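The values are calculated or read from the model by the stated rules, or taken from the named source; none is laboratory data. Quick caveat, the model's predicted, so the values are computed rather than measured. Note that each Cβ is placed from the backbone with ideal geometry, even for glycine, and that neighbours are counted across all protein chains shown.
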Amino acid sequence: MNVAKEVALFKLKCGHPKEATKDFERLVKLNSSDTSAVVGLINCYAQYDPTLGEKLENNLKMDEMTKSSFNIPDLEAKAIGRGKEYRKRNMDAR
C-alpha cells in the first residue's frame with residue numbers, strides 16, 4: 001500500500017473524513033481501478049454525506065453493467081474500518 005493511501009486511512013480513522021476524502025479522490029483519479037481507494041472514498045462519503053456515496057455506488061453499478069474492472073466481492077472484502085467483524089451476508093440462507 002502506498003504512502004498516500006496510508007495517510008488517507010489515518011485521517012479517516014482519526015475522524016477527519018473530509019480531509020481523507022480529498023486524498024482518496026486524488027487516488028481514484030490517478031487509478032480508477034484501485035478498488036481499495038474506491039472503497040475508502042465510499043467510506044469517507046458515508047461519514048458525512050451518504051448521498052455522494054450513493055451517487056458513486058450508482059456509477060459503479062453502471063460500470064458493472066458495462067463490464068468494468070470492479071469486482072463486488074473484492075470491494076466487500078476490502079471494506080475499510082469493518083475489521084474482523086465484517087462478514088458478507090449469505091443471501092441464500094434466508
Of the residues in region 23-40, those that are polar (S, T, N, Q), part of a helix (DSSP H, G or I) and more than 9 Å from the chain's Cα centre (by Cα) come to none
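Every residue, every condition in (1) part of a helix (DSSP H, G or I); (2) at pLDDT below 90; (3) surrounded by 13 or more Cβ atoms within 10 Å (Cβ to Cβ); (4) within 11 Å of the chain's Cα centre (by Cα), yes or no:
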position: Ile42; (1), (2), (3), (4): yes, yes, yes, yes
position: Thr51; (1), (2), (3), (4): yes, yes, no, no
position: Leu56; (1), (2), (3), (4): yes, yes, yes, yes
position: Glu76; (1), (2), (3), (4): yes, yes, yes, yes
position: Lys88; (1), (2), (3), (4): no, yes, no, no
For Cys44, which of the numbered conditions (1) under 14 Å from Leu60 (Cβ atoms); (2) touching a Phe, Trp or Tyr at 6+ places or on another chain (Cβ under 9 Å); (3) of a type in the set (A, V, I, L, M, F, W, C) fails to hold?
-> (1)
Would you call Thr21 at pLDDT 80 or above and β-branched (Val, Ile, Thr)?
-> yes
Cβ pairs under 7 Å, 6+ apart or interchain, first in region 38-57 and touching a residue at least 60 places away in the same chain (Cβ under 8 Å), second outside any helix (DSSP H, G or I), ordered by first then second residue, are none
Every residue from region 6-22 that is under 15 Å from Ile42 (Cβ atoms) and buried (at least 17 other Cβ atoms within 10 Å of the Cβ) = Ala8, Leu9, Leu12, Pro17, Ala20, Thr21
